[in-house]
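> One structure, pasted below without further comment.
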Amino acid sequence: MNTAAPMLRWCVAALAGAMLCAGPVRAADDSAPAAADAAKPKIDVRKLFAMNCSWCHDGYGMHAGKGPKLAGTSMTASQVYQRIAKGKSGAMPGYEKTLNPEQIEAFVEYIKGLKESDG
Amino acid sequence: MKRWSTQMTGAAKALSAVALLGVSLSAGAVDWDRLQNADKDPNNWLMYHGAFNSYHYSDLSQVNATNVKNLRLAWLHTPSASKRGVQSFPLAVDGTLYYTSASGQVWALDGATGEMKWRYQAKLDQERSEGTFYNPYNRGIAIAHGKVYMGTTDGRMIALDMNTGKVVWDKMILTVEGGNKGFTGAPLAVKDMIVIGSNGGELSGCCGPIFAVDAKTGEVRWQFDTIGGDERSKASWGNDSWKTGGGGGWMTGTYDAKTNSIWWGTANPAPDYDWGGENWKTDGARPGDNLYSSSVVVLNADNGELKSWFQEMPHDAWDFDSAVGEFMIMERGGKRYVMHPNKGGIIFVYDADPSHAPLKVENAYMIGKTFNYIKGVDAKTGQLIGRRELPEGKHTNVCPAIDGAISWNTGAYNPNTGLLYKVGQEWCFDIEVVKADPPPAFSGQTYFGASWTSTHPEGRKSFGHVSARDPLTGKVKWEKEYKYPPLASLLSTKGNLVFVPGADGRFEALDARTGAKLWEHNNGIGHHGGVITYTAKGKQYVAVVTGWGSHVSGNYCPLFGEPFCSMPTDNGQLLVFALP
């Protein structure tokens, strides 16, 4: 993963149980910024998690289940990206064909933001 | 009750005599007549359920309640890496043992010594196989007409020469365009056809097919779509949601010669879960009953046409599909019944006559104890009472958890004791249901809408039990509780035994009459596969597969801690026991 690539700012209120959201860093221009933000769809990571990850990773990644607990992972952000994109043979399917890079980046930010103590 | 006759026919006696003399029958001898009489052929285990009556029972009694304490490991076999453990059901034919391990491997071993006769390794489309959750395990094979038949995780059927392991035919059955699902369950040989159902209850995509292929060529003879296959089904999925509806029939059904019918259980609908809640008939992701998901279907064996059905979980809101378990065919008082367990912890007893459409329910009873997804089941109609819907939002202490009160492995029925032996699992979860975006139709992509955390039933830790009961009335004779819910299949024998392969690695023999533990051996790793008995060179053996790592077993670490947190999930063995 190119760690310089993400241009996303995260609302990590998800850790407190609220909806986690992400929006692009506002561009420094003279156009109507609010309208520009609204035009770009926000990534609802918890919803994406429920749709793609919950079969194996319990409690939005905060508990072990069929797959490991994600909170407190020792993997680097780059490793998490690669694992989501490519999967792990015999254990986890790859998601690079069903998730776009921005969505995978959103998962990386979310997972790396989970604290082990949250579980 | 009227007990099932254990008298052997002349043909079966002849077969037994041949086996006891150590004479090897030719492989081609596994013909349709022999398969139909598998219940009278105790020296062999010829199909996934042992015989079409699906009793998982053997008339062998060399090993019995008196001498089982002397049972010892005779030999074992270690396949190469077997991720998610060995989940296969071995078959035994004329002194040779056949079984599968992960990633498309098939083994043929000498039943008395374990000496390898041949091995086959399928070349799989790894990207496709790994694109599903149902990978890389395999749950068994069929043997007939001189061949070993296996389904693969990338949607193919393969026939091997049972004497050499060489490929006879290799056919793509379930294409990516056809639904992008695969096969993990064992096929069933019926006449000159091999029947198999697809996996994929949690995957978007039509139509959850069940196939019958020509045993000689692999050409598809018929296909039954568990969802969207007829107008009744389509009408039960509002907004054409059948096109993303999951379904399938991922475990092995059976054949009833009396009515020339195939009985098969079907998987849950997608999405798993639906946010529609109380308004599920008109609202949500898949408004309506969602036929024929979470149902029993009865098909004409010759053409796959639907004769009858019963939807055990109308609009399944809990992932309690009907694909699990066995179809035990039995007779009492001149009337024939089919007993079928559902993942929600209910045993349904049907009239075996499929001219009733839907099927006529003769009884329905719960074997789960801590359930709260319903208040109960109507014994006369099989209808669910007091459904607990799971609309969008959070729900706590839902019992049983997604893993069900009954898992995919089988129970056993002993005609001598007249008792059904069945595992029950008691666990719960907290779940948050979200509105999932539907994936493209026919895509085979995951279609979930929830996140959850495993929990214990209120007031106590999760646990399991093996009960012995009248299969038709449900009346309990005895019950044994287990700290860790067993996940493997059970086996009962004329030696008054019930074998229980445990989750923690303990392999037990219980007294079939009382439940008293008579023997145990620590196999060192959990079980969630098959157990059979057979003879080789006149001696009785008991074979069981080991290995841990199924989707259900993943919840044992968070629920119970050790030994499950450190239990390997990438290997397993075949262990074979005998008296000294």
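The values are calculated or read from the model by the stated rules, or taken from the named source; none is laboratory data. Nothing here was measured: the structure is a model prediction, and the numbers come from that model. Here Cβ is always computed from backbone atoms with ideal geometry, including for glycine, and neighbour counts include all displayed protein chains. Heads up: the accessible areas ignore ligands, DNA and RNA and are worked out on the full protein's heavy atoms, side chains in. Shrake-Rupley method; radii C 1.70, N 1.55, O 1.52, S 1.80 Å.
> What accessible area, summed over both chains, is buried at the B-A interface (1.4 Å probe, Å², nearest 100)?
Working: alone 18960 and 7360 Å², together 23980 Å².
Interface between B and A: roughly 2300 Å².
> Could you work out the relative contact order of chain B, using alpha carbon pairs under 8 angstrom and six or more residues apart, expressed as a whole percent? List each step's numbers first, then the result.
Numbers: 1794 pairs, mean separation 92.2, N = 580.
Averaging sequence separation for qualifying contacts and normalising by length gives 16 percent for chain B.
> Mind checking the log10 I(q)/I(0) for the protein assembly as shown at q = 0.05 Å⁻¹? Debye, one equal scatterer per Cα, no solvent, two decimals.
Log-scaled intensity ratios, in q order: -0.22.
> Additional query: Among the listed pairs B:69/B:483; A:97/B:123; B:422/B:483; A:115/B:83; B:234/B:360, which have their C-alpha atoms separated by more than 21 angstrom in this model? Intermediate values should be presented prior to the final figure.
Working: B:69/B:483 23 Å; A:97/B:123 23 Å; B:422/B:483 16 Å; A:115/B:83 29 Å; B:234/B:360 23 Å.
Among B:69/B:483; A:97/B:123; B:422/B:483; A:115/B:83; B:234/B:360, the Cα-Cα distance tops 21 Å for B:69/B:483; A:97/B:123; A:115/B:83; B:234/B:360.
> Also: For the protein assembly as shown, what is the mean residue ellipticity at 222 nm derived from helices alone (per DSSP H run of n ≥ 4: -39500 (n - 2.57); sum divided by total residues; nearest 500 deg cm²/dmol)? Present the calculation step by step, with values, prior to reporting the outcome.
On the way: 9 runs with 69 residues, N = 699.
About -2500 deg cm²/dmol.
> Which angle from 0 to 90°, rounded to the nearest 10, does the C-alpha axis of helix B:10-20 make with the longest principal axis of chain B?
Orientation of helix B:10-20: about 70 degrees from the principal axis.
> Same structure, new question: For region B:422-469, which residues drop by 30 square angstrom or more in accessible area between the chain on its own and all protein chains together (1.4 Å probe)?
For region B:422-469, once contacts with the other chains are taken into account, B:432, B:434, B:437, B:445, B:446, B:448, B:451, B:452, B:453 lose 30 Å² or more.
> Students sometimes get this wrong: rank B:278, A:96 by accessible area, probe 1.4 Å, all chains present, largest first. Could the numbers behind the result be given before it?
On the way: B:278 135, A:96 95 Å².
So the residues, ranked largest to smallest area, are B:278, A:96.
> Mind checking the per residue accessible area of region B:355-428 for me, 1.4 Å probe, whole number of Å²?
On the way: 2380 Å² over 74 residues.
Heavy-atom SASA per residue in region B:355-428 reads 32 Å².
> With every protein chain in place, what's the accessible area of residue B:480 (1.4 Å probe, Å², nearest 10)?
40
> Over region B:67-134, what is the relative contact order in percent, taking alpha-carbon pairs closer than 8 angstrom and at least six residues apart?
On the way: 83 pairs, mean separation 14.3, N = 68.
Taking the mean separation of contacting Cα pairs over the length of region B:67-134, I get 21 percent.
> Output the Kirkwood hydrodynamic radius of chain B, Cα pairs only, in Å rounded to one decimal. Could you put the intermediate results ahead of the total?
On the way: mean 1/r = 0.0430 Å⁻¹.
Computed over chain B, the radius equals 23.2 Å.
> To continue, here is another question. Net charge near residue B:202, counting Lys/Arg +1 and Asp/Glu -1 over other residues with Cβ under 14 Å of its Cβ?
Numbers: positive: A:66, B:181, B:286, B:343; negative: B:272, B:274, B:316, B:319, B:321, B:403.
Residues close to residue B:202 contribute a combined charge of -2.
> While we're looking at this one, here's another question. Determine the share of the protein assembly as shown's accessible area contributed by carbon and sulfur atoms, expressed in whole percent, with a 1.4 angstrom probe.
Details: 12200 of 23980 Å².
Roughly 51 percent, rounded to a whole number.
> Run the reach check for residue B:191 against lysines, Cα to Cα strictly under 16 Å, same-chain hits fewer than 8 apart removed. What comes back?
Answer for residue B:191, where 16 Å is the Cα cut-off: B:147, B:216, B:258, listed by chain and number.
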